[in-house]
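Trainee: Next up is a structure, given as structure tokens.
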Amino acid sequence: MTTRLPNRLPRHLLLVVALAAAVPAGASNRLIAAGGRVSIARTPLTVTPASEWNRLGARPGRNAEVWTLDGDTLNALTFYAAIGEGKTLFRQADRREHPLPPVNRTMLLTDIPTLLENSYRSALGVATMTIDHVEPTPFAGAGGVHFSYSFVRPEEAIHVRGEGFGTLRDGKLYLITYEAPALYYFERSAAAARQVAESARLD
């Protein structure tokens, strides 16, 4: 049974929400039941989780949401859905000093990992981030990209591993990332996260 969690984002995304006020105060978490098809951020992207997840009330952006199994620092499944031309993964917090890279219609699938990396460096202050592996793979019923990456959480010295699954459809980006501390927790929940990503569809 999935535990109900405090209404907060993973710590490495808290800065984005605090500066950008992504959602109204008082937004609550929601338990996502297993087996049902779930719409992501009121977009055409849907997934069917095989196990229960907690969807956090706080969100990093208008078309984004975060799910977790065990807690805000132990695993995070983040969805970025229908991010269109000129839009960014996170809300702009400091456009002048730390502008975020936007999505554009000329992007290739292989540009998606770089977009995520540059967004983390700019918005979250991640100084050490590595894209470890990139390969083509079907995603959401279309051609897509699968990649792995790692980074160190600012001010915590925690090594985090991540995986991303993304595609581009009609000039819009659809991306699912899974992240957890590299030591023990990443492997513990990786299969559940991959199952959700593999169930993704664009309706």
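Trainee: The conditions are (1) surrounded by fewer than 19 Cβ atoms within 10 Å (Cβ to Cβ); (2) within 30 Å of ILE32 (Cα to Cα), and THR106 fails exactly one of them. Which is it?
Mentor: Only one criterion is unmet by THR106, namely (2).
Trainee: Only one residue in VAL126, VAL66, VAL134 is touching a residue at least 12 places away in the same chain (Cβ under 8 Å) and assigned to a loop (DSSP other than H, G, I, E, B). Which one?
Mentor: It is VAL126.
Trainee: Looking at PRO101, is it in contact with a strand residue (DSSP E or B) (Cβ under 9 Å, 6 or more places away or on another chain) and surrounded by fewer than 20 Cβ atoms within 10 Å (Cβ to Cβ)?
Mentor: Judged against the criteria, PRO101 is not a match.
Trainee: Name the residues in the stretch 138-175 that are more than 21 Å from THR73 (Cα to Cα) and open to solvent by 40 Å² or more (accessible area, probe 1.4 Å), would you?
Mentor: Of everything in the stretch 138-175, those that are more than 21 Å from THR73 (Cα to Cα) and open to solvent by 40 Å² or more (accessible area, probe 1.4 Å) turn out to be PRO138, GLY141, GLY143, LEU168, ARG169, ASP170, LYS172.
Trainee: Write out, first by first residue and then by second, each pair whose Cβ atoms fall under 9 Å of each other, whose residues are 6+ apart or on separate chains, and whose first residue, in the stretch 165-183, is free of Cβ contacts under 8 Å to residues at least 40 places away in the same chain while the second is of a type in the set (Lys, Arg) and not in a strand (DSSP E or B).
Mentor: PHE165/ARG194
Trainee: Answer yes or no: is there a residue in the stretch 138-161 that is among the acidic types (Asp, Glu) and modelled with pLDDT of 90 or more.
Mentor: Among the residues of the stretch 138-161, not one is among the acidic types (Asp, Glu) and modelled with pLDDT of 90 or more, which makes the answer no.
Trainee: Please specify each residue of the stretch 149-179 satisfying the condition of being out of contact with any helix residue (DSSP H, G or I) (no Cβ under 9 Å at 6 or more places or on another chain) and assigned to a strand (DSSP E or B).
Mentor: Scanning the stretch 149-179 gives SER150, VAL152, HIS159, ARG169, LYS172, TYR174.
The values are calculated or read from the model by the stated rules, or taken from the named source; none is laboratory data. Quantities reported herein were computed from a predicted structural model and do not represent experimental measurements. No Cβ is skipped: glycine too gets one built from the backbone with ideal geometry, and neighbour counts run over all protein chains shown. These area figures cover heavy atoms from the full protein model, side chains too; ligands, DNA and RNA do not enter into them. Shrake-Rupley method; radii C 1.70, N 1.55, O 1.52, S 1.80 Å.
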